[in-house]
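Input: a single structure, listed below in C-alpha cells.
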C-alpha cells in the first residue's frame, strides 16, 4: 500500500531523485557481493578480487572474473523496477537517476544520463594511464576461471582494468558531486534496493531529508522511518515501483 502522502508528494514533485542499489539488479538475477560465488568462481571471495592489489598480483584472474560478471549482466534483462523508473521520468518534470550498480540495465530499460557512482563493467580503462578502452560487446569466457589476460592500452601498452570502483578507491568525483547536488535540490527521493550503509553514497537519502525532501525507502525488509517525510515500503522493487507508477497514472 502506497501512502497517500507519498503519492501526493510525487505528483507535486518538480525534481525526483531515484537512488538504486544491488537489490534492484538482483531481481534480474545478477549476483550481489553478498551472494556466494558459484561454478568456476566458488573458491574465491569477491572482496578479495575487487582491489587494485589483486589486479597487480593476478590481472588475468581479476579480468576473467569481471568478464564473467559482464557476461552475466548481458544475459540478464531489465526487470519491472528498471522499466518503472524509466517510465517515471516521463511523468515528472525532472528525474535524476543515481545508481551504485555497475551494469547497464537502467540504460537498457530506457533511462538516460544515469549517474554511476561505482563505475561500469562496460567502461574499462587503462590501469596505468586511465585512458578509456573499447571492448567487445560479447565477453570472452575465461577457461578454468582465470586464464584471460586483459587487453593492452593503445596509448601506453598498460593493462586494461575493469571500469568499476574497487575497495579502497574513491568514488568518481564528478559523479559523487552530481549525486549530492541532485539530492540537495530534489523534492522527492526514492532509495531502492540499497542497504544504506556504504559511505559516502549512504548519505544521499539523508542529505535529501535535511534539504526538506520527502524520502521513501523501498526494500524487501522494512527499514527505519525517521519522521513525517520519510517512508518505508516493504516489498520487491519490481512489485512496489509498478504499483507506485499505477497509482500516479490513476489520478
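The values are calculated or read from the model by the stated rules, or taken from the named source; none is laboratory data. Since this is a predicted model, take the numbers as computed values, not measurements. Every residue, glycine among them, receives a Cβ derived from its backbone with ideal geometry; neighbour counts consider all protein chains shown.
Summary table below
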read-out: Given (1) farther than 16 Å from residue 25 by Cβ; (2) modelled with pLDDT of 95 or more; (3) in contact with a helix residue (DSSP H, G or I) (Cβ under 6 Å, 6 or more places away or on another chain), index of the condition residue 89 fails; value: (3)
read-out: Residue 73 vs. criteria farther than 30 Å from residue 185 by Cα and crowded, with 16+ Cβ neighbours inside 10 Å; value: yes
read-out: Looking only at region 45-58, and only at residues there that are modelled with pLDDT under 80 and under 16 Å from residue 164 (Cβ atoms), the one that is surrounded by the most Cβ atoms within 10 Å (Cβ to Cβ); value: 46
read-out: Criterion violated by residue 139 - all others in (1) surrounded by 13 or more Cβ atoms within 10 Å (Cβ to Cβ); (2) out of contact with any helix residue (DSSP H, G or I) (no Cβ under 8 Å at 6 or more places or on another chain); (3) not assigned by TED's automatic domain parsing to the domain that holds residue 19 satisfied; value: (2)
read-out: Enumeration of residues in region 185-204 that are in a helix (DSSP H, G or I) and surrounded by fewer than 24 Cβ atoms within 10 Å (Cβ to Cβ); value: 185, 203
read-out: Region 146-157 residues that are at negative phi, paired with ones that are loosely packed, with under 12 Cβ neighbours inside 10 Å and modelled with pLDDT of 95 or more (beta carbon under 7 Å, 6 or more apart); value: 153/129; 155/129; 156/129
read-out: Residues within region 111-127 that are over 19 Å from residue 66 (Cβ atoms) and touching a residue at least 24 places away in the same chain (Cβ under 8 Å), tallied; value: 2
read-out: All positions within region 211-225 that are farther than 19 Å from residue 8 by Cα and in contact with a helix residue (DSSP H, G or I) (Cβ under 8 Å, 6 or more places away or on another chain); value: 219, 220
read-out: Count of region 220-239 residues which are within 18 Å of the chain's Cα centre (by Cα) and either assigned to a helix (DSSP H, G or I) or at pLDDT below 95 (or both); value: 3
read-out: Subset of region 12-28 (residues that are touching a helix residue (DSSP H, G or I) at 6+ places or on another chain (Cβ under 7 Å) and farther than 18 Å from residue 116 by Cβ); value: 15, 16, 27
read-out: Some residue of region 163-184 being assigned to a loop (DSSP other than H, G, I, E, B) and within 25 Å of residue 80 (Cα to Cα); value: no
read-out: Enumeration of residues in region 92-103 that are touching a strand residue (DSSP E or B) at 6+ places or on another chain (Cβ under 9 Å) and in a loop (DSSP other than H, G, I, E, B); value: 92, 93, 94, 100, 101, 102
